[in-house]
1. Which of the following residues is within 27 Å of A:R476 (Cβ to Cβ) and within 25 Å of the chain's Cα centre (by Cα): A:Y16, A:Y28?
2. With respect to A:N766, determine if the residue is within 14 Å of chain B (Cβ to nearest Cβ) and in contact with a Ser or Thr (Cβ under 8 Å, 6 or more places away or on another chain).
3. Hey, any hits in the range A:356-370 for a residue that's surrounded by 22 or more Cβ atoms within 10 Å (Cβ to Cβ), in contact with a Gly (Cβ under 7 Å, 6 or more places away or on another chain) and modelled with pLDDT of 95 or more?
4. Run A:E64 past the list (1) more than 14 Å from every other protein chain (Cβ to nearest Cβ); (2) among the charged types (D, E, K, R); (3) under 26 Å from the mean Cα position of the chain (by Cα); (4) over 22 Å from A:C854 (Cα atoms) and report the number of the one that doesn't hold.
5. Just give me the residues in the range A:730-746 being part of a strand (DSSP E or B) and in contact with a Lys or Arg (Cβ under 8 Å, 6 or more places away or on another chain), in sequence order.
6. I need the full set of residues from the range A:520-546 which are among the basic types (K, R) and touching a residue at least 40 places away in the same chain (Cβ under 8 Å), in order please.
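The values are calculated or read from the model by the stated rules, or taken from the named source; none is laboratory data. Fair warning: this is a prediction, and the values are worked out from it, not measured in the lab. Backbone-built Cβ (ideal geometry, glycine too); neighbour counts: all protein chains shown.
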Amino acid sequence: MPRQKITIEGNEAAAYVAYQCSDNAAIYPITPSSGMGEWADQWSAEGKPNIWGTVPHVIEMQSEGGAAGAVHGALQTGALATTFTASQGLLLMIPNMYKIAGELTAAVFHVSARAIATHALSIFGDHSDVMAARSTGFAFLAAGSVQEVMDLATVSHAATLKARVPFVHFFDGFRTSHEVLKIEALTQDDLRAMIDNDLVLAHRARAMNPENPVVRGTAQNPDVFFQAREAVNPYYDACPGIVQEMMDRFGKLVGRQYHLFDYVGHPEADRVIIAMGSGAEAVHETVDHLNAGGEKVGLVKVRLYRPFDSERFITALPKSARVVTVLDRTKEPGATGEPLYQDVVTAMMEHHASGGNGFAKLPRVIGGRYGLSSKEFNAAMVKGVFDEMTKDAPKNHFVVGINDDVTNNSIDYAPGFTSEDDDTVRAVFFGLGSDGTVGANKNSIKIIGEETDNYAQGYFVYDSKKAGSVTVSHLRFGKKPIRSSYLIHKASFVACHQAALIEQIDVLDLADPGAIFLLNTHAAADSAFDTLPREVQQQIIDKGIKLYVIDAYKVAGELGLGARINTIMQTCFFAISGVLPRDEAIEKIKAAIQKTYGKKGEAVVKSNFAAVDKALENLHEAAVGGSVTSQRCRAAHVSQDAPEFVRNVTAEMIAGRGDGLPVSSMPADGTFPTGTTKWEKRNIGLDIPVWDPGTCIQCNKCALVCPHAAIRASAFEPASLENAPATFKSIDARGGEYKGLKFTIQVAPEDCTGCSLCVEACPAKNKKEVRLKAINMAPQAPVRDTERENYAFFLDIPELDRTAHKIGSVKGSQFALPLFEYSGACVGCGETPYVKLVSQLFGDRAIIGNATGCSSIYGGNLPTTPWTTNADGRGPTWSNSLFEDNAEFGLGFRLSLDKQNEYARELLEKLSAEIGPDLVRPLLECKPTDEAGIRTQRQFVAQLKERLPKIGAPDAANLMSVADSLLKRSVWIMGGDGWAYDIGYGGLDHVLASGRNVNVLVLDTEVYSNTGGQMSKATPLGAVAKFAAAGKAVQKKDLGMMAVAYGHVYVAQIAMGSSDNQCVKAFVEAESYDGPSLIIAYSHCIAHGINMRKGLSHQKAAVDSGHWPLYRFDPRRTLAGENPMQLDSKPPKLPLRTYMESENRFAMLLKSQPQRAEALVRQAQQAATARYQEYARLAAADGNEQKKDTGAGRQTVGTGA
Amino acid sequence: MMDLSTEYLGMKLKNPLVAGPSPITRDLDNIRALEDAGVGAVVLNSLFEEEIAHGHGAHDHFLDHSTESHAESTSYAPALDYTPVGTEPYLEHLRAVKQAVGIPVFASLNGCTRGGWVEFASELEQAGADGLELNVYQVATDPEVSPADVENNYAEILSAVSKAVRIPVAMKLAPYFSSLPHMAKRLEECGAAGFVLFNRFYQPDIDIDTLEAVPNLSLSAPHEVRLPLRWIAILDPVVKASLAASTAVYTWAEVVKLLMVGADVTQLCATLLRNGAPVVPKLLEGLTAWMEEHEYESVTQLQGCMNHRTTSDPGAFERANYLRALQSYA
């Protein structure tokens, strides 16, 4: 079978080989490796056989530790087992990796290398993770491109069987894992030719087998452990040779010859770079370019990093080398150099010391760091490195690609330098995630890569917001192979699929002179130029850019395609870019449409065909004036009123110029100011809510459900209305507590995402026209300026005195200032209303530990973060440790606070005389239970802080340092179901069992949302998810009842969209409980395949159908002789099927596998009915019986302050 | 031996009782029971245009929804090579019914635009449907849409479907045309092999507490049979196409009346929903007994004996009836 040319991403290439060469895979999703497991699972679900003709099994585990354990077990019992991971995931596998290697087990782990979380989490690529695992005894083989991924994955699987040393096959996260590249695919026959079946049989023969029992994994004493450890040496000695043998076999078979160390460049190079991974491709391209210009430079690509074969390395290095620079894509603080540097230095010194005489003079070796967290590493930087090597005293341990103005380690480079081939077409597309730009570009790459002789490459950059996220696609096409493993800096074609982006991003910065600029705009061809900001007009004139325009939304609207302008814009690209002859391009687009949409029906195909034709009709070259005509400049990214850090640092990140920020601008310990989202006005809501005071019943439900705190309620003194803008609306406040006050609902026009949840939640209807509510959506643009002014005025109105009204109600809670605002969460997010509510009720004294996941991304992903402060400067203090440890992390807060509180109390007693018993006594006795008590306690502590400096005793300073611990604190542990049900469950269970006063909020979307829809143990029976493609066959874990079983844990299951009253009550009760509390909050999610506008209705249906019963279990009631279990939802009144049919996560199974789906629906209905009956039974029992059922009251509660 | 046979859409049926489209005919076992009970033919439950469009659209939306928007979650659903079932269950049902029963089986399509569902008609033909019932349920709400536009829409849809298939197509009509005979003639020219009278427009209710409109499905009441009774009487002499009565056929007496005014068949819906298949033999027994008592030999003999042309009192079907009715009330 001939080899096909295909365009795929690195993850798919690795997964293909791993799948073909394995029996089993055990995985756990983690970015950027998730795609590998997903591909394998997909092929397994489709019944695709491996090279032995059998279908491999893929299992998703509860953590990477679990995946490694399962792989270890599978290996021990004879399977060819694999896994895919990255970053923290690889770290969690390390214990098993030592075991697997120690037992000389053939295995391959495929790793898309990613940064390890240190001062911050980063999902992007570098070698921190693989370097952290380098001592495990695994071999490490590095691939630098998508083609190399497929090739070297194959070499890894072949070599490990012979070497009996397990392999980590790694490649750069995102840059290679997500880059789409045209490659030659290996066939099953190729793989069969590479895998020696005798070695497979030998592997199986070593399996644990009761027919031939062995003991492995013994415990050894000092007498023999050391010797046994040394017994593996021959295997490691032989390993490099075996790898080379397999590379040679591969070379003969396929024609691509690899070596452990591949040298490229001038045979008598005086300067040589040592590098591995995708960075080596950029170096390779630059080396070729520089040598063509007469220089003598070279590159050693390190393929096999462990075992490091010094001899072969020295052989590969040209003996003409005068200066050698080792580039590491990792940082090892405190080391004498980064790992690869150290290996090279050691190899060269050992060579020299042992009398090796290859070099005329031992070359100077310097080390440098580059590319951490996918930091750009391009030809200009490579040139900078080579230039540095020409200096008499080049910097050692330098950094390149950033400006280190603190320790001055960075080297200079000329950003304009390029080594790219002139004939390569370079196209950059700016779009939104929601408009299909990336999908269209992936399609274009496939067309060009697979239908023509051209090489093709695509790389996609997404911003970190989930709502209104901007995407930038970088596409290269050309007749020569593409090694440019970096972003496009000089584009011959720039497309902007959203006219609004022109106002925010300097899209033409990347445009080459004479480039083509395609703009999707409502403006006509003869006036489009005039609508552009001055800067853009100037760039068009200066660079001689050709402007083309199309009104793609108008065309899409006419064709019933809604907001999906992908086909239209793709057609325009082909029509004017010249990458293919126009007619040929159109023909191929239509063929691709037929292939992509054929199964969706003729109507879909036809509408897309029509989109192609209409696009051509509506595409026009626009007139470009000879001078700037616009009166308008781009607006500043943040207000001049913003704090200095936001203006100088945050604004640069918002503008997409973060790469230019120097080291000195960064906090050294990862500590950032809070409340920065307020400065980033994104204006992504095309429609925003408008308040109708005449219809409003002042329930505040709109504000409660707002995911972005962009609609707010206030009750305030009439005097505050002085100087109100003319259009500011207010009415007399309703309700006894608010008598004499004014009431306002105000929208933040530039922060609202237009999700409409507020309108859906509004219960009031206009008496004359019932389609209208008290909140109605209207276009944002006409009211933006007036509402901006109104909102600014609104924010200056003092918050209603928290002690003067009942905060713990739906209405009251919304008069409290949200201290979580304008996050980057999805439009209509189901999680953030709960998070925001916590901030309103307890935010001014909250300490929050947040598990990695959606909530840590919208809660803590730069450039701006949503946690903020009140007028007193108080607010939640927030941190994310890891994914797996969040409960323990939060418990640590409590342990520390309790200890500090105890110490402070001891010091108060000790210093009572000096401080004054008048203050010490109330401080010791103060146990606030309400807002008034909290205020009083704060006053006592303030007085204490005033008195302490006047006391000379050393303990006064100690007391001062812990005085704040005397204040009532609210410890919150937040995260999603992936954390609480799966990876963090062990810790969560332990923390709940501890009895300490912590509050756990589980934002249950019933799926791994952040990493893209993988099944968790919260995924319901019958739901389709990744790794549950045929619908999950078992029920979701009843986390709540597991906690109830302890008896001393406050547990509530809530769904704001069903009962906001129960929801608020649960938060207040949980927080007031002096012991552990667990709130499980139903969170509708974009991963459910629903219309997010209707998210609250889905919540209601979940409850009404019995899928999600509402309850509260309060151990305090037991002490009062009452049943602690209160069932808050009525018996199911909606068939579960009705709920399931309304969400695509269930419905897609009903459509694709109706019989299986029907069976699962029946099972789910039975389970839901039984669950409700069981809850009802618990709730019906009297207090004494309840103790027997649940164990309530058996344990003491609460040791916290 | 009484000859109950009739001809409908060019096919000979053993009797004029046809199980109309309803949830009953969605189930194969029900259809078997209906055949056993004696119905002459069966019309499957309706496949709605929205189901066809939504089947594709929802799946398409699901696959594309929020994909490629975030670096960590470029998709949210497994990328399996799903073929959305869409209309396949209906086709499968049709195939199964055709295999299971010997009586003619008609498929029913319900829609109001010329969407992809028109093309779907040929798939129904290939799956074995003996005929199609086309239910154009169009509620005209736009003042810019003229009566002619509405009529043209009916005609165009019918023409498109008729061209797509060789099997007979019956048009299910609403009673609200200004000139039903004119419309029927026009549709006959467009290929209608039969008419089903009538489509009942389910009228929504409103909830005075929630201030929302609520769907309200009520089965036809016995007196509603008079509407098709009149119009079948009027159309029978006007068109050559078959006529089916589809509203409020509860007892054998309605069957007799409808046959007399010209119906070729009577469709049973509400009574099957209420009483199930056992009602069929009772109706047949009643019909047979009445015919025997009145010495009719065949249904054919009975059919059309009291239509607008053959009745002794044509005015009863015209304006005169209105006057008489008002006067008789006093």
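1. Step by step, each of A:Y16, A:Y28 is checked, and only A:Y16 is within 27 Å of A:R476 (Cβ to Cβ) and within 25 Å of the chain's Cα centre (by Cα).
2. Yes, satisfied.
3. Yes: one or more hits.
4. Failed condition: (4).
5. Matches in the range A:730-746: A:I731, A:D732, A:F743, A:T744, A:I745, A:Q746.
6. Of everything in the range A:520-546, those that are among the basic types (K, R) and touching a residue at least 40 places away in the same chain (Cβ under 8 Å) turn out to be A:R534, A:K546.
This table checks each residue for (1) among the hydroxyl-bearing types (S, T, Y); (2) surrounded by fewer than 19 Cβ atoms within 10 Å (Cβ to Cβ).
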site: A:L772; (1), (2): no, yes
site: A:A778; (1), (2): no, yes
site: A:P782; (1), (2): no, yes
site: A:D785; (1), (2): no, yes
site: A:Y791; (1), (2): yes, no
site: A:L819; (1), (2): no, no
site: A:G830; (1), (2): no, no
site: A:P833; (1), (2): no, no
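Okay, residues lined up against (1) part of a helix (DSSP H, G or I); (2) of a type outside the set (V, I, T); (3) touching a strand residue (DSSP E or B) at 6+ places or on another chain (Cβ under 8 Å):
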position: B:N15; (1), (2), (3): no, yes, yes
position: B:V18; (1), (2), (3): no, no, yes
position: B:P21; (1), (2), (3): no, yes, yes
position: B:T25; (1), (2), (3): yes, no, yes
position: B:D29; (1), (2), (3): yes, yes, no
position: B:V39; (1), (2), (3): no, no, yes
position: B:V42; (1), (2), (3): no, no, yes
